[in-house]
1. Restricting to region 8-30, and then to whatever is of a type in the set (V, I, T) and in a helix (DSSP H, G or I), can you tell me which residue is nearest to I73 (Cα to Cα)?
2. Answer with yes or no whether K26 is surrounded by 11 or more Cβ atoms within 10 Å (Cβ to Cβ) and either in contact with a strand residue (DSSP E or B) (Cβ under 7 Å, 6 or more places away or on another chain) or not aliphatic (A, V, I, L, M) (or both).
3. Write out, first by first residue and then by second, each pair whose Cβ atoms fall under 8 Å of each other, whose residues are 6+ apart or on separate chains, and whose first residue, in region 33-54, is more than 27 Å from I69 (Cβ to Cβ) while the second is assigned to a helix (DSSP H, G or I) and at pLDDT 95 or above.
4. Mind listing whichever residues of region 58-70 are surrounded by fewer than 10 Cβ atoms within 10 Å (Cβ to Cβ) and part of a helix (DSSP H, G or I)?
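The values are calculated or read from the model by the stated rules, or taken from the named source; none is laboratory data. This one's a predicted model, so the numbers in the text were calculated from it and none came from an experiment. Don't worry about glycine lacking a Cβ; one is built from the backbone with ideal geometry, like all the others, and counts go over all protein chains shown.
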Amino acid sequence: MEKMFKSVDGAITELTEQEVYQILEKRQIALEKIEQDKIAYEQKIATEQANKQSALNKLKALGLNDAEIKAIIGN
């Protein structure tokens, strides 16, 4: 394992094995949280796109054409 150091009151000391494992554990937890947040964001975007497409399909089912839909929603 790579040696890790800390600075305490200006003195540099080597981290204990326990401190290294704690840091690595916290880093792993942070990486997992980032991955979960990324997945949640991607799911949110996919849901929003699906909802938009569903709304467009419903408007078309009511008989509106693309130009009319564009006039309503501005896209």
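1. Kept after step one, since they are of a type in the set (V, I, T), are these residues of region 8-30: 8, 12-13, 16, 20, 23, 29.
Pick out the ones that are also in a helix (DSSP H, G or I) and you get 20, 23, 29.
On the way: V20: 55, I23: 50, I29: 42 Å.
Here the residue is I29.
2. Working: surrounded by 11 or more Cβ atoms within 10 Å (Cβ to Cβ): no; either in contact with a strand residue (DSSP E or B) (Cβ under 7 Å, 6 or more places away or on another chain) or not aliphatic (A, V, I, L, M) (or both): yes.
Against the criterion (surrounded by 11 or more Cβ atoms within 10 Å (Cβ to Cβ) and either in contact with a strand residue (DSSP E or B) (Cβ under 7 Å, 6 or more places away or on another chain) or not aliphatic (A, V, I, L, M) (or both)), K26 does not qualify.
3. none
4. If the condition is that a residue be surrounded by fewer than 10 Cβ atoms within 10 Å (Cβ to Cβ) and part of a helix (DSSP H, G or I), then A61, A67 are the ones that fit.
Conditions (1) in a helix (DSSP H, G or I); (2) of a type in the set (A, V, I, L, M); (3) out of contact with any Phe, Trp or Tyr (no Cβ under 7 Å at 6 or more places or on another chain); (4) at pLDDT 95 or above, marked per residue:
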| position | (1), (2), (3), (4) |
| --- | --- |
| M1 | no, yes, yes, no |
| K6 | no, no, yes, no |
| E32 | yes, no, yes, yes |
| D37 | yes, no, yes, yes |
| I45 | yes, yes, yes, yes |
